[in-house]
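Q: One structure follows; several queries about it will come next.
The values are calculated or read from the model by the stated rules, or taken from the named source; none is laboratory data. Everything numeric here is computed off the predicted structure, so don't read it as measured data. Please note: Cβ atoms are built from the backbone with ideal geometry, for glycine as well, and neighbour counts cover all protein chains shown.
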Amino acid sequence: MKFFENFKFSNLFSKKKIDENLLDNFEELLIESDVGTQIASDLKEKFKKEKIGKEIKDEKEIFDFLGEQISKILYPYEGKLNNLNKNSPSIVVVAGVNGVGKTTTIGKLGKLFKNEGKKIVFGAADTFRAAAIEQLELWSKKIGADFVKSDLGTDPASVGFKTAKFAEDNKLDIAFIDTAGRLQNKKNLMEEYKKIFTVLKKVNPEYPHETILVLDATTGQNALNQVEEFKKISNLTGLIITKLDTSAKGGILLAICKKFGLPIIAVGMGEQESDLHPFNSATFSKMLVEN
């Protein structure tokens, strides 16, 4: 993935010196790449302070500087995967709209912890789609996790309840509860999502310990709206960003971090089981600006 591939940053910095006009164009390109107006303005000011009027050796100098600044912005939001396993059992609800790769992400998370010797259960609380239940069950068999499901159309909250109780009764380490791809503008579906949390707290007032929202990097500005709507219903504790192996710009992460202050726990870089990685700001920033 090349963050600036479509925005001709190389052409922009073909001059020997940076001037005010170039900085204005730079700010516009950053806004187009979904980083948000505030961060675009901040980065422009950083460049103005450090680079304006100075001789530029080559474009690598610019990209290295930009990567360093982006890394500084994102560093405070590095989440820790191990936080998902602080309790016994740890109850983790995974949310996200249709198409973001949520169920696959749960499978990958399960594999990461299974490789560490943890005992895992998947709860298929997306009871509206047979394919979602089947996909999660396939993942459970693939990695050797326990699996809890109910019939298609069953109350999703009841599956959440059964999954939490199963984890307790069998002394498991982590329960990952899948949820339906809630369209955040569908009130009745969001009410079903909210009910899962109500029921979990009847099992234990501390449940769930984590609520992770999965976002698609190709979504762009709509990702901000998704975070906003899910935050109204549940206390989000972290984000996982998928599809960063595509031509997605990915700059939306900066805008999300700036607005909501949520940790980024992991990033998805492909379809393979091993393609989910803990979020590292320096690695991610380097990837954004590579050319």
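Q: Output the residue which, of all residues in the range 270-291 that are assigned to a loop (DSSP other than H, G, I, E, B) and at pLDDT 80 or above, is farthest from Y75 (Cα to Cα).
A: Ranking the qualifying residues of the range 270-291, first place goes to D275.
Q: Does K118 satisfy the criteria of being farther than 23 Å from G261 by Cβ, of a type in the set (K, R), assigned by TED's automatic domain parsing to the domain that holds D216 and not in a helix (DSSP H, G or I)? Walk me through it before giving the result.
A: Working: farther than 23 Å from G261 by Cβ: yes; of a type in the set (K, R): yes; assigned by TED's automatic domain parsing to the domain that holds D216: yes; not in a helix (DSSP H, G or I): yes.
For K118, the condition - farther than 23 Å from G261 by Cβ, of a type in the set (K, R), assigned by TED's automatic domain parsing to the domain that holds D216 and not in a helix (DSSP H, G or I) - is met.
Q: Moving on to the next point. Take A95 and decide whether it is under 24 Å from K194 (Cβ atoms) and aliphatic (A, V, I, L, M).
A: Numbers: under 24 Å from K194 (Cβ atoms): yes; aliphatic (A, V, I, L, M): yes.
Against the criterion (under 24 Å from K194 (Cβ atoms) and aliphatic (A, V, I, L, M)), A95 qualifies.
Q: Sticking with this structure for a sec: For residues in the range 68-96 being under 19 Å from V159 (Cβ atoms) and part of a loop (DSSP other than H, G, I, E, B), which is modelled with the lowest pLDDT? Lay out the reasoning, then the answer.
A: Quick first cut of the range 68-96, residues under 19 Å from V159 (Cβ atoms) only: 89-96.
Now drop any that are not part of a loop (DSSP other than H, G, I, E, B), which leaves 89, 96.
Numbers: P89: 97, G96: 91.
Here the residue is G96.
Q: Just name the residue that is farthest from D178 (Cα to Cα) out of those in the range 119-139 that are of a type outside the set (A, V, I, L, M, F, W, C) and surrounded by fewer than 22 Cβ atoms within 10 Å (Cβ to Cβ). First the steps, then the outcome.
A: Filtering the range 119-139 down to residues of a type outside the set (A, V, I, L, M, F, W, C) leaves 119, 123, 126-127, 129, 134-135, 137.
Keeping just the survivors that are surrounded by fewer than 22 Cβ atoms within 10 Å (Cβ to Cβ) gives 119, 129, 134-135, 137.
Working: K119: 17, R129: 12, E134: 12, Q135: 11, E137: 11 Å.
It comes out as K119.
Q: Still on this model: What number of residues in the range 218-243 are touching a Ser or Thr at 6+ places or on another chain (Cβ under 9 Å), of a type in the set (A, V, I, L, M) and outside any strand (DSSP E or B)?
A: Qualifying residue count for the region: 1.
Q: A further question follows. Go through (1) surrounded by fewer than 18 Cβ atoms within 10 Å (Cβ to Cβ); (2) acidic (D, E); (3) not in a loop (DSSP other than H, G, I, E, B) for D151 and report which single condition fails.
A: (3)
To keep it simple, each residue is scored yes or no on (1) loosely packed, with under 12 Cβ neighbours inside 10 Å; (2) at pLDDT below 80; (3) under 23 Å from V267 (Cα atoms); (4) acidic (D, E).
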residue	(1), (2), (3), (4)
F7	no, yes, no, no
K15	yes, yes, no, no
I18	no, yes, no, no
L43	no, no, no, no
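Q: Looking at I265, is it more than 14 Å from K102 (Cβ to Cβ), crowded, with 17+ Cβ neighbours inside 10 Å and not acidic (D, E)?
A: On the way: more than 14 Å from K102 (Cβ to Cβ): no; crowded, with 17+ Cβ neighbours inside 10 Å: yes; not acidic (D, E): yes.
Spelling it out, it is not the case that I265 is more than 14 Å from K102 (Cβ to Cβ), crowded, with 17+ Cβ neighbours inside 10 Å and not acidic (D, E).
Q: Now for a separate question. Answer with yes or no whether L253 is part of a helix (DSSP H, G or I), modelled with pLDDT of 90 or more and crowded, with 21+ Cβ neighbours inside 10 Å. First the steps, then the outcome.
A: Numbers: part of a helix (DSSP H, G or I): yes; modelled with pLDDT of 90 or more: no; crowded, with 21+ Cβ neighbours inside 10 Å: yes.
So L253 fails the test.
Q: If we scan the range 204-217, do we find a residue that is part of a helix (DSSP H, G or I) and buried (at least 21 other Cβ atoms within 10 Å of the Cβ)? Outline the logic, then answer.
A: Here is the first cut: in the range 204-217, the residues part of a helix (DSSP H, G or I) are 217.
Restricting the remaining residues to those that are buried (at least 21 other Cβ atoms within 10 Å of the Cβ) gives 217.
Yes: the range 204-217 contains one or more residues that are part of a helix (DSSP H, G or I) and buried (at least 21 other Cβ atoms within 10 Å of the Cβ).
Q: Go through (1) under 25 Å from the mean Cα position of the chain (by Cα); (2) in a loop (DSSP other than H, G, I, E, B) one by one and return the number of the condition G160 breaks.
A: (2) is the only condition that G160 fails.
Q: Using the structure shown, decide if V92 is assigned by TED's automatic domain parsing to the domain that holds P205, out of contact with any helix residue (DSSP H, G or I) (no Cβ under 8 Å at 6 or more places or on another chain) and of a type in the set (V, I, T). Steps first, please.
A: On the way: assigned by TED's automatic domain parsing to the domain that holds P205: yes; out of contact with any helix residue (DSSP H, G or I) (no Cβ under 8 Å at 6 or more places or on another chain): no; of a type in the set (V, I, T): yes.
Answer is no for this residue.
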